[in-house]
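Below is one structure, written out as structure tokens; the observations come after it.
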């Protein structure tokens, strides 16, 4: 490996670690948003924002080499988008599915963050 290739690899690794370290805050924000969408507080705007945040992780996770983060985020995004299209309808089964998807996303992010020395509580 040439010195330029080695330097490029080090910069890429640093970017990947920085991305992984910020995952806990992003997932915690999504959890807070999701908690606020339960019961009578649910809004189409809130669900849309949650879907947007999941979409962002779905794309960036793969870009930084965290396929599990990307896949879990994409599944959550699709479930939330279906809720938005249903007018915000959230029956108990859909809520449980979304809860499970958010847990899967948190676990994938925990794994990615652990690789950089930070995990989600």
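Read the figures in this text as sums done on the coordinates, not as results from a lab. Note that the structure is a prediction, hence the values are computed from the model and not measured. Neighbour counts run over all protein chains shown; Cβ positions are idealised from the backbone, glycine included.
Reported count of residues in the stretch 76-105, each being within 11 Å of the chain's Cα centre (by Cα) and surrounded by 18 or more Cβ atoms within 10 Å (Cβ to Cβ), is 5. Considering only the stretch 55-70, I want to know if a residue exists there that is buried (at least 16 other Cβ atoms within 10 Å of the Cβ) and over 27 Å from residue 14 (Cβ atoms). No, the stretch 55-70 has no match at all. In the stretch 19-41, the residue that is surrounded by the fewest Cβ atoms within 10 Å (Cβ to Cβ) out of those that are without any contact (Cβ under 8 Å) to a residue 24 or more places away in the chain and either part of a helix (DSSP H, G or I) or touching a strand residue (DSSP E or B) at 6+ places or on another chain (Cβ under 6 Å) (or both) is 40. For the stretch 69-114, the set of residues classified as outside any helix (DSSP H, G or I), touching a residue at least 12 places away in the same chain (Cβ under 8 Å) and touching a helix residue (DSSP H, G or I) at 6+ places or on another chain (Cβ under 7 Å) consists of 88, 90, listed by residue number.
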